[in-house]
Amino acid sequence: MARFGRRKNDDDEAKKKITKASLKKSLRLFKYVKPYAGTFAVGLVFLFLSSAASMVFPYLTGQLVDAANTDFLDQINRIALLLLGVFFLNAVFSFFRIYLFAIVTQKTLASLRQATYYQLIRLKMKFFSERRVGELNSRISSDISLLQETLTTTIAEFLRQIIIIVIGIALLTYISGKLTLLMLALVPVVVLVAVLFGKKIRKLSKEAQDAVADSNVIVEETLQGIATVKAFVNERFEYLRYKKRTDDVIGVSLKGAKWRGAFASFIIFCLFGSIVAVIWYGVVLVQEDQLSIGDLFTFILYSVFVGASLGGIADLYSQLQKAIGATENLLEIFDEDKEEEQEKQFSKKITEGKISFKAVDFAYPSRSDVEVLKNLSFEIESGQQVALVGPSGAGKSTITSLILKFFEVSKGEILIDKLKINEYALADLRSAMAIVPQDVVLFGGSIYDNILYGNPDASKKEVKEAARKANAVEFIEAFPDGYDTLVGERGVQLSGGQRQRIAIARAILKNPKILILDEATSSLDSKSEQLVQQALDELMKGRTSLVIAHRLSTIQKADNILVLQEGRLVESGNHQELLAKEDGLYRDLKTLQMGV
Ligand SMILES: Nc1ncnc2c1ncn2[C@@H]1O[C@H](COP(=O)(O)OP(=O)(O)O)[C@@H](O)[C@H]1O
Ligand SMILES: [Mg+2]
């Protein structure tokens, strides 16, 4: 339901009133058109030429009709040839107009897409934690596609129609002022009413479509849960539900049909009526010798042109509104805060990998009222292995996010080596760290590329060495394509343990000072866990490592264990010390696990 419900609103929401401010905002996007302004201008010239060429057509046709009265076959042939020539020119102009606008559009869109994407991936984590991936994805795809329509057709058409209307009315007045007055009194009014009609009809037909979609949801749901429907003997109930929805469709559709019928009557009577009125008055003028038959012919053709353009322009206007809505959505991304890029000369390298938290308070920006970490202080010496344990939701992963500086602390300080975390350039900070998460994401590509992700400069030998240390060689070489095996959405599906070992190989290749393992082994079976654990032990050698683990067996060897509860550090010490505490949380957690 929600899916279809949403689509219903989309249309209304996406349309923005065109105001000075919104237009000004959208004009910011013209930065991306600017490099192609020359091509665009040439395209405009062709647009003008092709519109002008179409305007010659009614004139020459009128001449042809008048020539029929004069008996000069030469004249008739000449005009016919001229007409043909004009059509040929129009054909050539139109080709260039369309092709040139397509060049501008495609190049502009590509640079806009690239800029949006580059902007997007550099935004602060705060931005991503507040939005859904689907929404962001749609910005890049559908909003930009809407702009594509606008750039290629809408703007060009809009201009073309305006040219036709302006030139058309000027020519009409030139041919006969009186007839133009009558035409302007009738035709535009009728056309505008017709446009309003059309709007109403489109709205109703959309309602009818939505009603059909709603009824389809019932079919979809019940077929998916057919076992449940049958088990509860609810076939009749579902049938009645479906019947009600499909009966609703009749109502909406018939309402639409009434409007369509009225529209047809209106067109037949008023539009053709006003055309008849214009022709009648035109013939009267011909009778009184104020107008030639050819001119009347020309006049009627121009009126049709102008009328059609008036009708088309309303539609184009609503498309422009949608495009402006899309640019506003898109521009929001450009107004968001980017992660700062510190200048290189200030940059310090992390050499030891010591971590200290000093009285850190933290709340997520999206939920600033909930303190996730409270007055948290601890130190991890260089090269130490420290385990972080505690119930889920205690704030363990949050600590890793702060070390990676995905978010800023609310109070207190984080020091890496001897410097505050803010004194490092982001790139240098993160380059010194690697994280192996619980749920490893592999990118579409080969296994080789996925390992190389840890350090794109590594040699083939280094990649293979990393895979060996990560205990991954055996399964990689078992694939017929070996390292070239494709993984990710379109490739082979790897097991959790296999993905984990690729992530470990990635981390080995990165050779970080600080290693973070966030429940890296918690979703594995015991056979994989063993292989992964061996790989992890290899990886942790000689590095500062922060290990978050569910299975306490994996952290018994840690130099220090920090026990976290509701964002506070409640205990710390090594395994033996913590076990010795009578009412300790660690001891509690430990006994719980033994019981399992
Ligand atoms: N991106 C986020 N935005 C808001 N709150 C979050 C976010 N991530 C985690 N939290 C909240 O912070 C608390 C600690 O979460 P987390 O650090 O993931 O716990 P742990 O890793 O110990 O299970 C939880 O209450 C969780 O709901
Ligand atoms: Mg966690």
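Each row is one residue, and each column tells you yes or no for (1) loosely packed, with under 12 Cβ neighbours inside 10 Å; (2) out of contact with any helix residue (DSSP H, G or I) (no Cβ under 7 Å at 6 or more places or on another chain); (3) under 16 Å from Val191 (Cα atoms).
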residue	(1), (2), (3)
Ser215	no, no, no
Phe232	yes, yes, no
Arg245	no, no, no
Asp248	no, no, no
Arg260	no, no, yes
Ile268	yes, yes, yes
Gly294	no, no, no
Phe305	no, no, yes
Leu310	no, no, yes
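Would you check if Leu182 is in the same structural domain as Asn329 (by TED's automatic domain parsing), in a helix (DSSP H, G or I), in contact (Cβ under 8 Å) with a residue 60 or more places away in the chain and surrounded by 15 or more Cβ atoms within 10 Å (Cβ to Cβ)? Lay out the reasoning, then the answer.
Numbers: in the same structural domain as Asn329 (by TED's automatic domain parsing): no; in a helix (DSSP H, G or I): yes; in contact (Cβ under 8 Å) with a residue 60 or more places away in the chain: yes; surrounded by 15 or more Cβ atoms within 10 Å (Cβ to Cβ): yes.
So Leu182 does not fit the description; no.
Give the residues of the range 344-370 that are part of a strand (DSSP E or B) and aliphatic (A, V, I, L, M), sorted by residue number.
Across the range 344-370, the qualifying residues are Ile355, Ala359, Val360.
When you check Lys338 against the structure, is it away from ligand 1 (no atom under 15 Å from the Cβ) and within 25 Å of Phe128 (Cα to Cα), yes or no?
Yes.
Name the single residue, out of those in the range 553-578 being surrounded by fewer than 18 Cβ atoms within 10 Å (Cβ to Cβ) and at pLDDT below 85, that is nearest to ligand 2 (Cβ to nearest atom).
The extreme case among them is Ser553.
Counting only residues that are crowded, with 19+ Cβ neighbours inside 10 Å and not hydroxyl-bearing (Ser, Thr, Tyr), which one in the range 41-54 is farthest from the chain's Cα centre (by Cα)?
Applying the filter and picking the extreme gives Ala53.
If I ask for residues that are farther than 21 Å from Lys322 by Cα, within 16 Å of ligand 1 (Cβ to nearest atom) and in a helix (DSSP H, G or I), which ones from the range 111-155 would you list?
Residues satisfying the conditions are Met125, Lys126, Phe127, Phe128, Ser129, Val133.
Within the range 401-418, is there a residue that is polar (S, T, N, Q) and modelled with pLDDT under 90? So that I can check it myself, show each step before the final result.
Let us first name the residues in the range 401-418 that are polar (S, T, N, Q), namely 401, 410.
Still in the list and also modelled with pLDDT under 90: none.
So far as the range 401-418 goes, no, none of its residues is polar (S, T, N, Q) and modelled with pLDDT under 90.
Table: residues versus (1) over 30 Å from Val286 (Cβ atoms); (2) of a type in the set (Lys, Arg); (3) assigned by TED's automatic domain parsing to the domain that holds Ala264.
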| residue | (1), (2), (3) |
| --- | --- |
| Val193 | no, no, yes |
| Gly198 | yes, no, yes |
| Lys203 | yes, yes, yes |
| Glu207 | yes, no, yes |
| Ala211 | yes, no, yes |
| Ala231 | yes, no, yes |
| Asn234 | yes, no, yes |
| Glu238 | yes, no, yes |
| Lys243 | yes, yes, yes |
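For the range 276-292, give me each residue that is in contact (Cβ under 8 Å) with a residue 60 or more places away in the chain and either part of a helix (DSSP H, G or I) or in contact with a helix residue (DSSP H, G or I) (Cβ under 7 Å, 6 or more places away or on another chain) (or both).
Within the range 276-292, Ala277, Val278, Tyr281, Gly282, Leu285, Leu291, Ser292 qualify.
Going through the range 390-400 one residue at a time, which ones are near ligand 1 (Cβ under 6 Å from one of its atoms) and at pLDDT 90 or above?
Gly393, Ala394, Gly395, Lys396, Ser397, Thr398
This table checks each residue for (1) in contact (Cβ under 8 Å) with a residue 24 or more places away in the chain; (2) surrounded by fewer than 17 Cβ atoms within 10 Å (Cβ to Cβ).
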site	(1), (2)
Glu332	no, yes
Lys348	yes, yes
Phe357	yes, no
Glu379	yes, yes
Gly390	yes, no
Gly395	yes, no
Phe406	yes, yes
Ser410	yes, yes
Asp439	yes, yes
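Considering only residues of the range 496-550 that are over 36 Å from the mean Cα position of the chain (by Cα), farther than 23 Å from Arg430 by Cα and not in a helix (DSSP H, G or I), which is modelled with the highest pLDDT?
Within the range 496-550, the match that is modelled with the highest pLDDT is Asp525.
Provide a single number: the residues in the range 350-370 that are aliphatic (A, V, I, L, M) and more than 16 Å from Gly395 (Cα to Cα).
Here the count works out to 2.
Please find, among Gln114, Gln161, Gln148, Gln106, the residue that is more than 16 Å from ligand 2 (Cβ to nearest atom), free of Cβ contacts under 8 Å to residues at least 60 places away in the same chain, surrounded by 15 or more Cβ atoms within 10 Å (Cβ to Cβ) and more than 28 Å from Val409 (Cα to Cα).
Only one candidate passes the filter, namely Gln148.
Here is a yes/no grid of residues against (1) surrounded by 20 or more Cβ atoms within 10 Å (Cβ to Cβ); (2) more than 16 Å from ligand 2 (Cβ to nearest atom); (3) of a type in the set (S, T, N, Q):
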{"position": "Pro480", "(1), (2), (3)": "no, yes, no"}
{"position": "Leu486", "(1), (2), (3)": "no, yes, no"}
{"position": "Ala505", "(1), (2), (3)": "yes, yes, no"}
{"position": "Asn511", "(1), (2), (3)": "no, yes, yes"}
{"position": "Leu515", "(1), (2), (3)": "yes, yes, no"}
{"position": "Glu529", "(1), (2), (3)": "yes, yes, no"}
{"position": "Leu536", "(1), (2), (3)": "yes, yes, no"}
{"position": "Val547", "(1), (2), (3)": "yes, no, no"}
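Only residues that are farther than 29 Å from Thr351 by Cβ and of a type in the set (Val, Ile, Thr): list them for the range 422-473, please.
Correct list: Val441, Ile447, Val473.
The values are calculated or read from the model by the stated rules, or taken from the named source; none is laboratory data. Only a predicted model underlies this, so the values are computations on that prediction, with no experimental measurement involved. Backbone-built Cβ (ideal geometry, glycine too); neighbour counts: all protein chains shown.
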